[in-house]
Amino acid sequence: MFSVQKWKCSWSMVATVASIIVLVSVVHLFLFPVVPSLDYFSARQVQYKCVPINSSLEQSTDPVWENKPQGLNLDHRFPTDLHNGVVYRNAPWKAEIGRWLSGCDATATEVNIVETLGGRRCKSDCGGQGVCNHELGQCRCFHGFSGEACSERLNLSCNYPGTPELPYGRWVVSICSAHCDTTRAMCFCGEGSKYPNRPVAEACGFQMNLPSEPEGAKLTDWAKADLDNIFTTNGSKPGWCNVDPAAAYDSKVLFKEICDCKYDGLWGRFCEVPVESVCINQCSGNGHCRGGFCQCYNGWYGTDCSIPSVVSPIGEWPKWLKPAHLDIPSNEVTGRLVNLNAAVEKKRPLIYVYDLPPEFNSLLLEGRHFKFECVNRIYDERNATLWTEQLYGSQMAMYESILASPHRTLNGEEADFFFVPVLDACIITRADDAPHLSLENHTGLRSSLTLEFYKKAYEHIIEKYPYWNHSAGKDHIWSFSWDEGACYAPKEIWNSMMLVHWGNTNSKHNHSTTAYWADNWDKIPSDRRGNHSCFDPAKDLVLPAWKRPDVTSLSATLWSRPRENRKTLFYFNGNLGPAYTSGRPEATYSMGIRQKLADEFGSTPNKEGKLGKQYAEDVVVTPLRSENYHEDIANSTFCGVLPGDGWSGRIEDSILQGCIPVVIQDGIFLPYENMLNYESFAVRILEDEIPNLIKILRNINETEIEFKLTNVQKIWQRFLYRDSILLEAERQQTGFNRVEDWAVEFLQQSDDDVFTTFLQVLHYKLHNDPWRLELAHLKKDYGLPPECLIRIK
């Protein structure tokens with residue numbers, strides 16, 4: 001539904017613009033009708049079940065704020081539970097937060113927001129090698145191109161400079177003995193072969209040496225190319241670039257087995273099937289995904305092609321811009337239409353998403369050397385979704401949800417928060433995988449390289465946009481998904497809100513806790529990092545890690561398994577360090593916490609054949625991979641949540657299978673722990689109390705156990721990225737008329753997920769963070785009764 005609110009230009013221009021808009025829109029709607037059989041968009045929305053607590057409250061017109069809400073007796077209306085938590089939408093929150101959400105979040109109404117659609121042109125339309133940002137009039141160039149019009153071709157080598165000893169240079173992931181695509185630093189068979197676009201990734205193009213020990217692994221000789229084999233046309237030799245897939249599948253010819261299909265966008269043992277690559281929101285249906293970078297159709301821009309310009313068909317605008325009332329600015333009466341205003345009704349909090357240069361997101365996806373890196377899905381030969389086990393995929397899931405959310409705004413002056421989309425999961429996994437991403441200037445530290453990316457993003461937004469200075473960055477949001485979260489955030493952005501998986505307040509562990517030297521941040525100079533902690537519970541938020549949608553667990557409702565069926569008292573399955581076969585060799589791994597647990601309660605013999613000193617039959621502490629991991633958790637009452645190299649995914653495993661988390665990591669917050677009331681559903685044990693762990697658990701009475709189990713069963717969906725999963729379900733249904741079993745299962749879930757919880761936290765912070773008092777002069781319409789606002793006298 002659209003209407004023209006007011007026309008401030010010549011009638012000739014009105015007629016012209018209206019004719020173009022209506023004609024193009026009708027043609028597009030006629031030619032490309034979108035009639036999904038399932039209403040995914042409605043399923044993704046927060047369905048508030050609460051009603052306003054005082055319908056007679058009058059909206060105040062007084063913009064002056066006071067310190068405390070008046071007139072709402074939240075303490076009386078929303079009492080605490082046994083552990084001082086207040087339940088809102090089935091979850092126990094910390095009392096103050098739960099009361100505000102119960103009394104105010106559900107009463108929020110829509111406010112009128114004017115969204116401005118850009119119409120600035122880019123030089124030479126980016127020469128076909130980039131996407132034009134119509135807000136700034138600047139090109140976002142594809143991989144291997146740069147310049148104002150993307151006309152400069154880069155030379156991104158696959159190899160470091162060679163030497164007599166190493167003619168292809170020192171080892172790097174992109175190392176290539178065949179044809180290097182210097183726009184992406186990726187290795188292919190190249191012209192002259194039967195399959196020129198077949199990858200020759202890493203060891204594929206080099207000779208293999210026989211193992212030095214019996215049953216040992218073959219070693220790659222990076223100094224000697226294996227061109228005779230990979231380019232052979234002799235079927236009796238192990239070839240690759242000329243191997244016919246059908247003949248190889250029928251075992252009629254040999255092929256080099258170490259060669260495989262690592263790059264995204266290709267499928268099959270011989271990369272013979274082109275498939276969809278992974279892009280942010282798959283370009284929202286408004287572009288083509290070229291290896292990870294969205295090549296937007298004319299008139300669309302943004303990382304996921306979700307932002308329309310003045311020439312985009314109105315009928316195809318995203319749902320977060322509908323319905324709209326159009327307003328053409330008065331200063332365009334004679335010239336080209338530069339901006340178009342659309343008034344849209346939205347609920348706060350409103351989030352502005354920076355359209356950063358692609359080096360911070362799209363290029364990192366487009367240049368991936370391993371298709372599974374830093375994404376939560378890939379596509380098979382049917383272009384059907386395959387969900388990955390990448391814990392860091394949460395960063396992509398959150399980014400996609402924000403971009404598609406009705407809480408998104410293009411109006412920075414009305415925005416409550418500003419999201420800065422730097423994909424550190426891709427930076428870390430791609431660090432040093434090609435010469436142009438070298439760690440040579442960072443003393444081998446991936447943490448240092450990542451800090452530099454964030455610093456550059458900060459410099460970009462303060463140069464190109466005015467919003468940072470409104471609050472010195474306090475209303476900005478940055479995502480740090482890696483093992484130690486925001487520990488290596490540059491000092492310039494520390495005022496902002498950090499979304500992390502590692503909530504180390506540094507109150508006890510005040511140094512880098514990873515045992516992996518390349519991620520250690522202790523050696524980063526203070527003039528770059530500052531001296532901040534890794535996590536500040538007053539401003540930051542820990543989010544759950546990504547967990548692959550598990551239809552088997554969901555359909556079996558493992559989360560709801562009753563107490564009487566949970567026969568194991570305590571369960572922990574994971575790497576237990578150097579005392580065990582295949583254990584991590586570093587004594588500092590897990591800060592020694594897992595090792596202490598195993599020393600006391602290990603249920604699997606270590607290298608010396610010893611069990612834990614306090615071994616008990618109903619206590620499982622083992623490094624052995626379980627074939628029924630989720631079932632084992634669902635059969636347990638308490639489950640261990642211990643660190644690895646920084647955070648691990650154990651809290652998610654525990655909650656999603658309905659097991660009471662037992663947290664052992666001093667001073668380190670877990671997902672939502674500064675917001676939700678953990679005492680209502682979890683147990684915290686001090687590291688020094690590990691020897692008393694089982695005694696403590698056995699002394700918890702049945703009433704308390706049932707209380708915690710019940711609360712775990714109420715909050716488990718808050719650890720799922722349901723919104724992102726439903727976005728993908730909608731894309732599959734719209735694009736391929738396909739509804740997979742995981743889509744059906746997730747459509748049946750209706751409680752609040754990660755993204756909804758995130759929005760609730762933002763709404764609370766919007767009206768309760770003390771620094772917001774500084775912005776009172778903006779006098780925004782918050783869509784809330786005055787009693788819900790923090791007010792200045």
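The values are calculated or read from the model by the stated rules, or taken from the named source; none is laboratory data. Every value quoted in this text rests on a predicted model; they were computed, and no experiment measured them. Neighbour counts are summed over all protein chains in view; Cβ atoms, including those assigned to glycine, are modelled from backbone coordinates with ideal geometry. Side chains included, ligands, DNA and RNA excluded: accessible areas come from the protein's heavy atoms. Shrake-Rupley method; radii C 1.70, N 1.55, O 1.52, S 1.80 Å.
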Ranked highest first by the average count of other Cβ atoms within 10 Å around their residues, in what order do 529-541, 140-152 fall? 140-152, 529-541
When we measure straight from the Cα of Lys224, which lysines land under 25 angstrom away, once same-chain ones fewer than 8 places off are left out? Lys194, Lys237, Lys256, Lys262
With the Cα gyration tensor of the stretch 274-326 giving a ≥ b ≥ c as the square roots of its eigenvalues, does the rule (a/c under 1.5 for rounded; else a/b larger than b/c for prolate; else oblate) give rounded, prolate or oblate? prolate
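With a/c under 1.5 counting as rounded, go ahead and sort the stretch 654-793 into rounded, prolate or oblate using the C-alpha gyration tensor (a ≥ b ≥ c being the square roots of the eigenvalues; past the cut-off, prolate if a/b is larger than b/c, else oblate).
Working: a/c = 2.56, a/b = 1.13, b/c = 2.27.
Oblate, since a/c reaches 1.5 and b/c is not below a/b.
Scan the chain and note any complete DSSP helix (H) whose C-alpha atoms cover at least 18 Å along its axis and whose Kyte-Doolittle average is 0.0 or more. Each step should come with its number before you reach the end.
On the way: long enough: 11-31 (29 Å, 2.22); 446-464 (27 Å, -0.72); 702-715 (20 Å, -0.49); 722-736 (20 Å, -0.78); 754-768 (21 Å, 0.36).
Those that pass (Cα extent of 18 Å or more, hydropathy at least 0.0) are 11-31, 754-768.
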Any of Lys456/Lys508; Lys218/Lys613; Lys547/Lys567; Lys455/Lys780; Lys474/Lys508 with alpha carbons more than 29 Å apart? Name them for me. Lys456/Lys508; Lys218/Lys613; Lys455/Lys780
Using the heavy atoms of the protein chains alone and a 1.4 angstrom probe, what is the accessible area of the stretch 593-692 per residue in square angstrom? 36 Å²
Evaluated at q = 0.16, 0.18 Å⁻¹: base-10 log I(q)/I(0), Debye formula over Cα of the stretch 551-718: -0.90, -1.15
Summed side-chain charge close to Tyr454 - residues other than Tyr454 whose Cβ falls under 11 Å, Lys, Arg +1, Asp, Glu -1: +1
Rounded to the nearest whole Å³, what is the per residue volume of the convex hull around the Cα atoms of the stretch 631-728? 119 Å³
For the stretch 462-587, what does the alpha-carbon gyration tensor say about shape, rounded, prolate or oblate, given a ≥ b ≥ c as the root eigenvalues, a/c under 1.5 as rounded, and a/b over b/c as prolate? oblate
Output needed for the stretch 121-230: three equivalent-ellipsoid semi-axes, defined as square roots of 5 times the C-alpha gyration tensor eigenvalues, in descending order, whole Å. 38, 14, 12
Work out, step by step, the length gained on full extension between Leu82 and Ile700: first 0.36 nm times the residue separation, then minus their alpha carbon distance; give nm to one decimal. 221.1 nm
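Taking only the C-alpha atoms, wrap a convex hull around the stretch 583-624 and report its volume per residue in Å³ as a whole number.
Details: hull volume 2.9 nm³, N = 42.
Considering the Cα atoms of the stretch 583-624, their hull volume per residue is 69 Å³.
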So what is the calculated 222 nm ellipticity per residue for the chain, using -39500 (n - 2.57) for each DSSP H run with n of 4 or more, over all residues, to the nearest 500 deg cm²/dmol? -6500 deg cm²/dmol
For Asn286, what charge total do you get from the other residues with a beta carbon under 9 Å from its beta carbon, if Lys and Arg give +1 and Asp and Glu give -1? -2
DSSP-defined beta bridges in the chain - what % are antiparallel, rounded to 5: 60 percent
What percentage of the solvent-accessible surface of the chain, computed with a 1.4 Å probe over protein heavy atoms, is contributed by carbon and sulfur atoms? 51 percent
For the stretch 403-447 and the stretch 686-736, compute the distance between their C-alpha centroids and round to whole Å. 29 Å
With labels modelled as points extended 7 Å from the Cα through the Cβ direction, what inter-label distance (nm, one decimal) is found for Glu381 paired with Asn737? 2.2 nm
Just name one of Thr220, Pro785, His509: the one whose Cα is farthest towards the positive end of the charge dipole of the chain (beta-carbon charges, Lys/Arg +1, Asp/Glu -1). Pro785
Given Cβ point charges of +1 (Lys, Arg) and -1 (Asp, Glu) and nothing else, what value in debye, to the nearest 20, does the dipole of the chain about its Cα centre take? 820 debye
Rolling a 1.4 angstrom probe over the protein heavy atoms, how many square angstrom per residue are accessible across the stretch 74-114? 42 Å²
What residues have an amide H closer than 5 Å to that of Lys347, excluding those fewer than 5 places away on the same chain, when H is modeled at 1.01 Å from N in the peptide plane? Val111
Please report the base-10 log of the normalised intensity I(q)/I(0) for the stretch 211-327, using a Debye sum with one equal scatterer per alpha carbon and no solvent, at each q in 0.11 (1/Å). -0.61
Using the Karplus equation 6.51 cos²θ - 1.76 cosθ + 1.60 (θ = phi - 60°), what ³J(HN,Hα) coupling, rounded to whole Hz, does each residue of the stretch 374-381 give in order, writing x for Gly and Pro? 6, 10, 9, 7, 9, 10, 8, 5
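With an 8 Å cut-off on Cα pairs and a minimum separation of 6 or more residues, tell me the relative contact order of the stretch 74-114 in percent. Before the final figure, lay out the partial values.
On the way: 35 pairs, mean separation 12.2, N = 41.
So the answer I get is 30 percent.
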Hey, how much of the P(r) for the stretch 74-114 falls beyond 13 Å, as a percent of Cα pairs? 51 percent
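Please report the relative contact order for the chain, taking Cα pairs under 8 Å with a sequence separation of at least 6, and give it as a percent rounded to a whole number.
Details: 1637 pairs, mean separation 113.5, N = 793.
So the answer I get is 14 percent.
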Taking amide H positions as placed in the peptide plane 1.01 Å from N, state which residues far from Ala185 in sequence (5 or more) or on other chains have amide H under 5 Å from it. Leu156
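Would you mind putting 265-273, 755-763, 422-430 in packing order, based on average other-beta-carbon counts within 10 Å, highest first? Numbers along the way, then the final one.
Values: 265-273: 18.9, 755-763: 23.0, 422-430: 24.8.
The most tightly packed comes first, giving 422-430, 755-763, 265-273.
Hey, what did the stretch 217-309 get for relative contact order, percent, Cα under 8 Å, at least 6 apart?
Reported as a whole number, the value is 14 percent.
Please compute the Kirkwood hydrodynamic radius over the stretch 419-513, one decimal place, Å, based on all pairs of different Cα atoms. Could the numbers behind the result be given before it?
Details: mean 1/r = 0.0708 Å⁻¹.
Evaluated on the stretch 419-513, it is 14.1 Å.
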Thr568, Thr409, reordered so the largest accessible area comes first (probe 1.4 Å): Thr568, Thr409
Ranked from the most accessible area to the least, with a 1.4 Å probe and all protein chains present, what is the order of His470, His476, His288, His407? His288, His470, His407, His476
